[in-house]
Amino acid sequence: EHQANASVLDLVRADAKDLKGRLGRLDRHKLDEYMDSVRTVEQQIERITKQQVDANELGIEQPEKLWTTMRRDEYIQVMGDLMILALQTDLTRVSSMMVAPERWDTPLMFEDVFAKPILHHGWTHNQKNEHVLSGLEKLDQFYMRQFSQICQKMDAIKEGDGTLLDSMMFTYGSGLSSGMLHECSNLPTVIAGSAGGQLKTNRHDQHAKGTPIANLWVSMAQAMGCPIKQLGDSTGMLKGFLA
């Protein structure tokens, strides 16, 4: 399957080479930028494929979930690169990333963070333990670094008078504030980008207690030009959200 995907990328490069001769200077630069991104993803796929082939040659039984053998940061960045390519080429204007299953009892290795695989889901049900809280803080920092790296990649892609990141809203958050109590209030959420100048940026907002997270979704929909007034348990738009 990976080899088939690689051949598709080869075909794209051949078509792009034919197109390049008919483009102006700025469009050629844009095409080169896109093809560099494609090549980066291709190299990542080739590296992952080689790891899997080597395991077969050694006669090692592969785990049921191949992606669990990858470094967590590498897995997230590969998925982020694919998302960026889809947005960059306008294959989609909406995308979501689930960096790990919300209910997952198989230990996962977080290289350069912990010395051995950990049970993230299990930890979230034991937040009274100071050692667990310290570990969860390290995990939060790990995921924020991944989010930041993807943001930097999007901010490096020129689009119009700004960048790809300027043109969009890239949201990072969680559906629960406490895994132990299963609370879905007081949810820290980060939004990168300005939706083409629709949002006020570079600020930290703290909303009134009890403000539904759905108010954020309504506000984001309004920023995208979707005139909905209610979604789920929303009570309105967030004050000061739009520019």
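Just so you know, all these numbers are worked out from the coordinates, no wet-lab data involved. Keep in mind the model is a prediction, meaning the values are calculated, not measured. Every residue, glycine among them, receives a Cβ derived from its backbone with ideal geometry; neighbour counts consider all protein chains shown.
So here's what we get for this one:
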quantity	calculated
Per-selection Rg to Rh, segment 150-243 - Cα, Kirkwood hydrodynamic radius	1.00
Qualifying trypsin sites (Lys or Arg not before Pro) for segment 149-243 [loop in DSSP, other Cβ within 10 Å: at most 15]	K200, R203, K209, K229, K239
Normalised contact order of the chain, rounded percent, pairs of Cα under 8 Å and 6 or more residues apart	10 percent
From the C-alpha gyration tensor of segment 70-164, square roots of 5λ in Å	31, 13, 12
Order of Y34, Y75 - criterion: other Cβ atoms within 10 Å of each residue's Cβ, fewest first	Y34, Y75
Ascending count of other beta-carbon atoms within 10 Å, so fewest first, for C151, C226	C226, C151
Mean separation of Cα contacts under 8 Å (6+ apart) over length of segment 71-133, as relative contact order %	26 percent
Cα centroid of segment 199-221 to Cα centroid of segment 114-173, whole Å	19 Å
Highest-fluctuation residue, Q77, Q152, Q198 considered, GNM on the chain with Cα pairs under 10 Å	Q152
5 Å binning of all Cα-Cα separations within the chain, expressed as whole percents from 0 upward	1, 5, 10, 14, 15, 15, 14, 11, 8, 4, 2, 1, 0
Listed residue pairs exceeding 24 Å between alpha carbons, taken from K30/K153; K20/K158; K158/K239; K158/K200; K153/K200	K158/K239
